[in-house]
Amino acid sequence: MFLEIHNLNKHFATKEGALVVLKDINMAIERGEFICAVGASGSGKSTLLRQIAGLDTPTTGEVRIDGKRVASPGSDRGMVFQHYTLYPWMNVQENTEFGLKLQGVPKKERREQASYYLNVVGLTKFARALPKELSGGMKQRVAIARALASEPDILLMDEPFGALDIHTKESMHEFMLDLWQRTNLTIFMITHDVEEAVFLSNRIYALGARPGTVRKEMVINLPNRSHTVKRHSIFHDYRDELMELLRRHGQEAVAAVA
Amino acid sequence: MSQSVKHRSIRSLIKPKTMRPTVFWRLTEDIPKSLSTVLMVTSIALPLILWWLVTTLGNIEPTFLPSPADVLEAFGRLWSTRELLKDTVASLWRVGVGFLFAALLSIPVGVLMGSFPSIRALLEPLFGLMRYMPAPAFIPLLILYLGIGEEPKIMLIFIGVFFFNSLMVMDTVKFVPKDLIEATYMLGGTRWEALTQVILPHVLPGIIDSCRINLAAAWQLVIVSELIAANEGLGRRISVAGRFLRTDEIFVGLIVIGVIGLTFDLLFQYLLRVSCRWASQKR
Ligand SMILES: Nc1ncnc2c1ncn2[C@@H]1O[C@H](COP(=O)(O)OP(=O)(O)OP(=O)(O)O)[C@@H](O)[C@H]1O
Ligand SMILES: [Mg+2]
């Protein structure tokens with residue numbers, strides 16, 4: 001098993017006492033899987049991703065990657081944050097190269113690598129632009145190129161396409177699928193877009209809110225991964241099942257708070 | 001979710017509002033360049049004209065309020081004897097040395113305080129306290145410890161700048177998004193690399209700005225320090241002129257001090273613009 005999450009619990013201390021954000025999370029992910037975690041806003045998705053990234057430590061339980069317990073952040077895991085995290089004083093090219101620079105890659109190689117991934121996300125023309133000159137979707141694509149440039153074993157993404165328009169989103173989907181099929185990359189992606197999850201992943205974890213728990217694990221078997229598959233009844237079945245699940249738990253959560 | 005709550009319209013209570021277009025009262029937006037130029041010229045020219053009118057029409061004692069012409073003449077006099085130049089150089093030298101030392105120390109200290117909560121906890125209470133002790137109140141002590149040469153004057157500027165600048169630099173570090181530092185860790189960066197390659201460039205514009213503001217404070221303190229004991233300096237020039245009722249020379253001193261200060265300010269603003277293009281508001 002490549003990525004294992006064992007009985008993970010996460011509490012935050014607040015004024016009203018301990019807030020249980022994640023409760024008894026268990027996940028097992030093989031190398032090369034494309035996993036989506038879906039859940040309502042506030043269900044602890046970002047918090048879960050931070051535990052995997054090693055940016056935060058679980059209250060109890062553990063995360064293991066390749067059998068080793070995750071204790072700190074590191075470049076073996078590529079991360080695309082929910083919010084824009086480009087360095088504002090670096091241009092797009094420098095942003096994309098920065099991880100490689102930190103990892104000691106010589107100038108020529110990192111230039112070529114960054115250029116390759118900028119081309120892949122369609123931003124070659126903007127290599128010299130500053131982040132403030134880009135749209136939100138373009139910034140996110142730079143962040144993806146930056147994460148990929150380090151050739152990580154696993155790519156962690158927190159709602160990476162939330163800010164994109166439908167067409168850019170679709171081309172990013174195609175790109176992600178192509179990347180995933182060509183390489184042995186493991187992808188763990190967070191989203192609240194149910195269709196996106198069904199279309200991209202081979203397995204979905206549906207999270208319930210307050211506290212965040214795994215409500216259901218769903219293996220996705222689509223006949224193919226082209227856009228036409230979205231009109232297929234299998235696709236609709238998966239989507240409707242997931243929607244229904246989230247809706248039910250959404251209502252429960254509201255009832256629990258009230 | 002909230003079907004049970006009845007909703008009563010309060011439309012009758014709502015007064016619709018729209019904005020009227022304006023040029024002069026634009027809030028934070030740019031105004032036309034021509035208007036801006038006119039207003040900026042007015043800002044200096046209007047007081048000058050008022051001054052000139054009051055002194056020519058008002059029949060005022062020149063030792064009380066000299067006319068612009070008197071001041072210009074005094075300027076020529078002090079310039080030709082090279083006294084003004086000597087005074088200016090003396091004051092500039094004190095500010096330069098005192099401010100440079102204070103800045104060189106306070107920038108790293110401030111960055112460390114902002115970056116490491118441990119160092120912050122260690123230093124902030126002391127610095128916070130020192131900041132509220134007015135630097136001029138240290139003058140008697142400085143004279144006692146360092147005599148009346150250049151050392152107490154430079155030390156005064158150092159004290160007046162160091163604590164303020166440290167705390168202001170510390171504050172700029174607060175505005176570095178946490179995500180940006182975490183992204184650096186995820187790219188394989190160490191804490192040291194995050195500090196030197198992410199935090200430092202991010203706070204550079206803030207540092208330049210806080211130095212700009214504190215240079216103004218240093219410039220004030222040098223004048224104060226020279227009021228006590230000095231052989232030359234712009235502050236000294238003013239206090240001597242006061243003793244001999246050379247009001248025109250007081251004005252010369254004040255104007256020179258103001259112009260030099262403004263020049264520094266503009267230089268820092270220019271430095272900020274060229275070194276941190278990414279941080280400017282305009283695209
Ligand atoms: N550092 C923290 N301290 C206290 N509470 C926190 C902290 N971080 C997150 N929380 C709480 O944990 C819950 C889950 O937050 P999280 O950001 O993980 O949600 P999310 O599922 O990513 O939501 P969204 O889809 O809106 O991004 C929220 O109720 C939030 O208030
Ligand atoms: Mg989130």
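Leaving out same-chain residues fewer than 8 places away, which lysines sit with a Cα under 23 Å from that of A:K68?
A:K10, A:K23, A:K45
Just tell me how shielded A:77-84 is by partners: mean number of partner chain Cβ atoms within 10 Å of each residue's Cβ, no decimals. Working shown, then result.
Numbers: counts 1, 2, 5, 2, 6, 1, 4, 4.
Averaged over the peptide's residues, the number is 3.
Within the range B:10-68, report the trypsin sites (Lys or Arg not before Pro) that DSSP leaves as loop and that have at most 13 other Cβ atoms within 10 Å.
Working: sites: B:R11, B:K17, B:R26, B:K33; in loops: B:K17, B:R26.
Filter output for the range B:10-68: B:K17, B:R26.
Using helices alone, what [θ] at 222 nm do you get for chain B, with -39,500 (n - 2.57) per DSSP H run of 4 or more residues, divided over all residues and rounded to the nearest 500?
-24000 deg cm²/dmol
Can you pull out the buried accessible area for chains A and B, both sides counted, probe 1.4 Å, rounded to the nearest 100 Å²?
The A and B chains share an interface burying roughly 2200 Å².
Could you give the C-alpha radius of gyration of the range B:83-179 expressed as a fraction of 2.2 N^0.38 Å, taking N as the number of residues it contains?
1.26
Based on the alpha-carbon gyration tensor of chain B, what equivalent-ellipsoid semi-axes (square roots of 5 times the eigenvalues) come out, in whole Å, largest first?
44, 33, 18
Counting other C-beta atoms within 10 Å, and keeping those with at most 14, which DSSP coil GluC sites (Glu not before Pro) do you find in the range B:22-85?
Numbers: sites: B:E29, B:E73, B:E83; in loops: B:E29.
Answer by residue number: B:E29.
Please work out, to two decimal places, the log10 of the ratio I(q)/I(0) at q = 0.10 Å⁻¹ from a Debye calculation in which every Cα of the protein assembly as shown carries one identical scatterer.
With one equal scatterer per Cα and no solvent, log10 I(q)/I(0) is -0.97.
Alpha carbon centre of the range A:1-50 versus the range B:225-255: separation in Å?
Comparing the Cα centres of the range A:1-50 and the range B:225-255, I get a distance of 70 Å.
Within chain A, what's the longest stretch lacking trypsin sites (Lys or Arg not before Pro) that sit in DSSP loops with no more than 12 other Cβ atoms inside 10 Å?
Working: sites that count: A:K15, A:R128.
Between the exposed loop sites, the longest stretch runs A:129-258.
What whole-number distance in Å separates the alpha-carbon centres of the range B:41-102 and the range A:82-139?
Going from one Cα centre to the other spans 53 Å.
Taking 2.2 N^0.38 Å as the expected size of a compact globular protein, what ratio does the Cα radius of gyration of the range A:157-258 give against it, to two decimals?
That ratio works out to 1.14.
For chain A, what is the calculated [θ] at 222 nm in deg cm²/dmol (nearest 500), taking -39500 (n - 2.57) for each run of four or more DSSP H residues and dividing by its residue count? Display every interim value, and only then the final one.
Values: 7 runs with 97 residues, N = 258.
Rounded to the nearest 500, the figure is -12000 deg cm²/dmol.
Given the whole protein assembly as supplied and a 1.4 Å probe, what does the accessible area of A:H11 come to in Å², nearest 10?
It works out to around 70 Å².
Please report how many Lys pairs in the range A:86-151 have alpha carbons closer than 22 angstrom, counting only residues at least 8 apart along the chain or sitting on separate chains.
On the way: A:K101/A:K125; A:K101/A:K139; A:K107/A:K125; A:K108/A:K125; A:K125/A:K139.
The number of close lysine pairs in the range A:86-151 is 5.
What are the ³J(HN,Hα) values, in whole Hz, obtained from phi via the Karplus relation 6.51 cos²θ - 1.76 cosθ + 1.60 with θ = phi - 60°, for each residue of the range B:91-100 in sequence order, with x given for Gly and Pro?
Values, residue by residue: 5, 4, 5, 4, 4, x, 5, x, 5, 4 Hz.
Leaving out ligands and nucleic acids, note down the accessible area per residue over the range A:86-151 with a 1.4 angstrom probe, in whole Å².
Accessible area per residue: 42 Å².
Rounded, prolate or oblate: which fits the range A:23-82 when a ≥ b ≥ c are the square roots of the eigenvalues of the alpha-carbon gyration tensor, with rounded for a/c under 1.5 and prolate only if a/b beats b/c?
rounded
As an exercise, find the ratio Rg/Rh for the range B:26-101 from alpha-carbon atoms, using the Kirkwood inverse-distance average for Rh.
Values: Rg = 18.9 Å, Rh = 16.2 Å.
Value, to two decimals: 1.17.
Measure off, as a whole percent, the carbon and sulfur share of the 1.4 Å-probe accessible area of the range B:178-260, all protein chains present.
Details: 2250 of 3520 Å².
Solvent-exposed carbon and sulfur of the range B:178-260 make up 64 percent of the total.
The values are calculated or read from the model by the stated rules, or taken from the named source; none is laboratory data. Owing to the predicted nature of the structure, the values given are computational and were not obtained by experimental measurement. Every residue, glycine among them, receives a Cβ derived from its backbone with ideal geometry; neighbour counts consider all protein chains shown. Surface areas here come from the heavy atoms of the whole protein model, side chains and all, with no ligands, DNA or RNA. Shrake-Rupley method; radii C 1.70, N 1.55, O 1.52, S 1.80 Å.
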